[in-house]
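Data block below; observations after.
The values are calculated or read from the model by the stated rules, or taken from the named source; none is laboratory data. This one's a predicted model, so the numbers in the text were calculated from it and none came from an experiment. Reconstructed Cβ throughout: ideal geometry from the backbone, glycine too, with neighbour counts over all protein chains shown. Quick note on the areas: whole protein, heavy atoms, side chains included, nothing else; ligands and nucleic acids left out. Shrake-Rupley method; radii C 1.70, N 1.55, O 1.52, S 1.80 Å.
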Amino acid sequence: MNIKEAKQQIQNAMTAYFTKTPYGGYVIPIEQQRPVFLMGPPGIGKTAVMEQIAAELNVGLISYSMTHHTRQSALGLPYITRKTYGDREYDVSEYTMSEIIASVYDLMEDSGLREGILFLDEINCVSETLAPSMLQFLQYKIFGRHRVPEGWIVVTAGNPPEYNNSVRDFDIVTWDRLKRIDVEPDFDAWKEYAYRRGTHAAVMTYLEIKKGDFYRVETTVDGKSFVTARGWSDLSDMIRLYETHGLPVDENLVGQYLQNRRIAKDFAVYYDLFNKYRSDYQVDKILSGKADPAIIARAQAARFDERLSLLGLLLDGVTDTLRQTCTAEDTAAMLMSVLKSVRLDMGRLGPAADIPALLTAQAVEKQEALQKGRRSSAMSREDQLTHESVIAALAALREQLDETRPGTSAEAFALLKADFDQRTKSLKKSAAAGGKQLTNLFAFCEAAFGDGQELLILVTELTISHICARFIGRYGCKEYFQRNRDLLFYERQLQLLEELKELDWDLDKPEDAEQ
């Protein structure tokens, strides 16, 4: 199965394992909860999937690569203690707590999360001295003398022997204690993840054209030659940073991430061509509705691979705008909750309420939540960005209050509300600009490509993209929905968007009216 299907299988297992009896115990005792074993080639996103699951389920995540552990660090160090058996005393060996088990307890104390995932990677590559202890762990969730806490699910991963010379074959007894999931690289499944993390458009369009280059492991006379999903993601991040600083993206850089000479060279050549298309097609003009007739004519005459690259550029441009709107919406939603809490505190404290102090307390609370979310991996990147944005906004509001020094708490809160009202106006303008870009995008594609398959690709990519689907679900796009129905995607889109909820930006709405 692909990594998306594997993710769903793990989430289903967690739902079952977290099920409790009416008396608070787990229906399936911890020793009967088979650890999940993800078997798949390196770099296909196994660790990234675990981070996504932890964030979506709001549970903790502890990750370890077992190749880095000795028997002592995994099981604990032995020490001598004296015990009495019957009427005689004996010196016996005890063990300190395993570093791995201790880290779970540390995270529980730091984050307050009582449930989570203990993810052990490369578990079939453990050292010879540690291997005999793994069977006990897989069956009883015990390292040394210490058990994995209840509420923590064990997920393991490993590579097939053809990818790693250190792999040890498990016997039937071991396999019979695992919930095995075989994972294969799949570009289409990875693409949804890539859109969510903002993977560079050059990477996305290149792989659309050459899907066979997405994942490749070969043995040559010069040794191993490989390209992985992890390599593409890391290369994408570096390209964006290089572009920000005006640094050249060349074959030397690409080859550091794509360790296959032919693919590295092909992508480096394509990246240069991609940038040429960016300049030649004047993407900003197209999205602003000012495309020159000559540009439309060129698109009409272009080969299919060039059209795909152009679509990638256009989607990247519009997605940046829509992402800014979604981020501003998330920030406004959290700020609204913060200001409502401040107003409740004002009602409790009366005229003596110290508004700057209340804002500082809220900022501290958000900062602590952000730190806990990062430590536990229970907060998505999007949520982290929202918390950072709100913390910065609260600091700016606090500074503004210090400068203006309003005479009463009511006057201070009026200043906060005015700032919030301005944010909602800016949000509406940003949403309108994003909607206009979508309209212009469809208008250009219809003028350049008519009813060709490029419209099918456009609607499909807008549907797959988390940001685009969310924006369209909230603010609409008549051209999209019309094409969606025409292309028989309407039912699929409704399913994707049914969980989106309308937000009410009325700060004066009573709390009980929101229930």
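With the cut-off at 18 Å, report for the range 273-380 the share of all Cα pairs above it, as a whole percent.
Values: 3882 of 5778 pairs.
Everything past 18 Å amounts to 67 percent.
With a Förster radius of 25 Å applied to the beta-carbon distance between ALA392 and TYR242, the computed FRET efficiency rounds to 0.40.
Could you give the length gained on full extension between ASP419 and ASP402, defined as 0.36 nm per residue of separation minus the Cα-Cα distance, in nm? Mind showing how you got there, number by number?
On the way: separation 17, 0.36 × 17 = 6.12 nm, distance 1.49 nm.
Taking 0.36 nm per residue and subtracting the Cα distance, the gain is 4.6 nm.
How much of the DSSP bridge set in the chain is antiparallel, in percent, rounded to the nearest 5? Walk me through the numbers before you get to the answer.
Numbers: 17 of 36 bridges.
Percentage antiparallel, nearest 5: 45.
Note on ILE296 and LEU344: the extension gain reaches 11.6 nm, defined as 0.36 nm multiplied by sequence separation minus the Cα-Cα distance. Over the range 287-343, one equal point on each Cα, no solvent: what is log10 I(q)/I(0) by the Debye formula at q = 0.14, 0.15, 0.18 Å⁻¹? Computed log10 I(q)/I(0) values: -0.57, -0.61, -0.73.
Its Kirkwood hydrodynamic radius, worked out from the mean inverse distance over all distinct Cα pairs, puts the range 260-324 at 12.8 Å. Once volume of the Cα convex hull per residue in Å³ is calculated for the structure shown, the corresponding label among [x] 199; [y] 150; [z] 223 turns out to be [z].
When both the range 365-440 and the range 183-246 are represented by their alpha-carbon centers, they are found 34 Å apart.
The convex hull defined by the C-alpha atoms of the range 423-469 has an orientation-averaged projected area of 3.4 nm².
Here the translational diffusion coefficient of the range 201-263 follows from Stokes-Einstein with Rh set to the Kirkwood radius across Cα pairs; for 4 °C and 1.567 mPa s it amounts to 105 µm²/s. Would any residue of the range 369-406 have its amide N under 17 Å from a label point 7 Å out along Cα→Cβ of ALA361? List them or say none. Under 17 Å, as judged by backbone N against the label point of ALA361, lie 369, 394-395, 398 of the range 369-406.
Over the range 225-289, what is the mean sequence separation of C-alpha contacts under 8 Å (at least six apart), divided by residue count, expressed as relative contact order in percent? Before the final figure, lay out each step's value.
Working: 35 pairs, mean separation 20.1, N = 65.
Averaging sequence separation for qualifying contacts and normalising by length gives 31 percent for the range 225-289.
Coordinate range of the alpha-carbon atoms in the range 342-441 per principal axis, descending: 54, 36, 24 Å.
Determine, for each peptide in 306-319, 402-415, the mean count of other beta carbons within 10 angstrom over its residues, then list the peptides with the highest first. Each step should come with its number before you reach the end.
Working: 306-319: 21.4, 402-415: 13.4.
Peptide ranking by packing, descending: 306-319, 402-415.
Stokes-Einstein diffusion for the range 187-331, with the hydrodynamic radius set to the Kirkwood value over Cα pairs and evaluated at 4 °C in a medium of 1.567 mPa s, equals 79 µm²/s. Within the shell of other residues whose beta carbon sits under 12 angstrom from the beta carbon of LEU314, the net charge comes to -2, with Lys and Arg scored +1 and Asp and Glu -1. For the pair GLU192 and GLN282, label points projected 7 Å from Cα toward Cβ lie 3.9 nm apart. Computed with every protein chain present, the accessible area of VAL154 is close to 0 Å² [probe 1.4 Å]. Highest mean packing comes first when the peptides 20-27, 6-13 are listed by Cβ atoms within 10 Å, giving 6-13, 20-27. Over 13 Å apart: what share of the alpha carbon pairs of the range 344-396 falls there, rounded to a whole percent? Of the Cα pairs, 61 percent sit more than 13 Å apart. With a cut-off of 8 Å between alpha carbons and a minimum separation of six or more residues, what is the relative contact order of the chain in percent? Contact order relative to length: 16 percent. Principal semi-axes of the equivalent ellipsoid, √(5λ) from the alpha carbon gyration tensor of the range 153-262, are 31, 18, 13 Å from largest down.
For the chain, complete DSSP H runs whose alpha carbons reach 24 Å or more along their own long axis and whose mean Kyte-Doolittle score is -1.0 or higher are 261-281, 304-349, 355-376, 381-404, 409-449.
Per the Kirkwood definition applied to all pairs of different Cα atoms, how many angstroms is the hydrodynamic radius of the range 105-222?
With all distinct Cα pairs of the range 105-222 included, I get 17.8 Å.
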